Amino acid sequence: MVQIKKYPNRRYYDATNSRHITLQEVHDMIVAGKDVCVTDSRTSDDITNLVLTQILLERDEPKLDLFPSSVLHLIIRSNRQVLRSWLERSFGPFMGVLSTSQKQIDDYWRKAMQGNLISPMDWASRFMQAFSGTQLHTVSGTDRPPDLEPTPPTEVPVESLDDLRTRLEQLQRQVADLTASRKPT
């Protein structure tokens, strides 16, 4: 997390790296994947959301087209608490999945750079397992995406595998029969 102080006259100071920066450099940090926390130099108030909105307005204006005007009207008109609740319900599950998948991708590449690369098929399998059978969580409050560290494989009894193979064969026959019965004659 990069700590940034905003001074009067739109000046920014990167307290983490001890240097003055521009709004464009804040934008570039975010695009590079860094999280920022911006505080007002006079009041010490957290103004991160204000600065992020400013970046969208000044540097990434085309992204505003993602929001229909009806949503923008809703944001302007709405009570803050009602709006927060609606946004968490609407975007919370998506943001949890996005955050989790980004962390998994980052972890995969970090391991790849260290020479601890797992095969792409193993990674894809773990990635899909992470989202199947898990509930989506909001990113607000204390809720967070579940821990998605891979679990060690469990022993599956041979009888269960035989049962699964038998069931799979039955399903394949049913699909073949349905496909054959629907072919035009």
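Computed from the coordinates by the stated procedures, all read-outs in this text should not be read as laboratory data. As the structure is a computational prediction, the values presented were derived from the model and not from experiment. Cβ placement follows ideal geometry from the backbone for every residue including glycine, while neighbour counts extend to all protein chains displayed.
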Residue exposure sequence - 19, 11 - by fewest surrounding Cβ within 10 Å
19, 11
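Could you line up 51, 36, 175 from fewest to most neighbouring Cβ atoms inside 10 Å?
Values: 51 22, 36 19, 175 10.
Ascending Cβ contact count within 10 Å gives the list 175, 36, 51.
How high is the FRET efficiency between residue 79 and residue 43 when r is their beta carbon distance and R₀ equals 35 Å, given to the nearest 0.05?
Values: r = 24 Å, r/R0 = 0.69.
Approximately 0.90, to the nearest 0.05.
All other residues with a Cβ under 12 Å from the Cβ of residue 83 taken together, and with Lys, Arg as +1 and Asp, Glu as -1, what is their net charge?
Numbers: positive: 77, 80, 84, 89; negative: 88.
My count for the surroundings of residue 83 gives +3.
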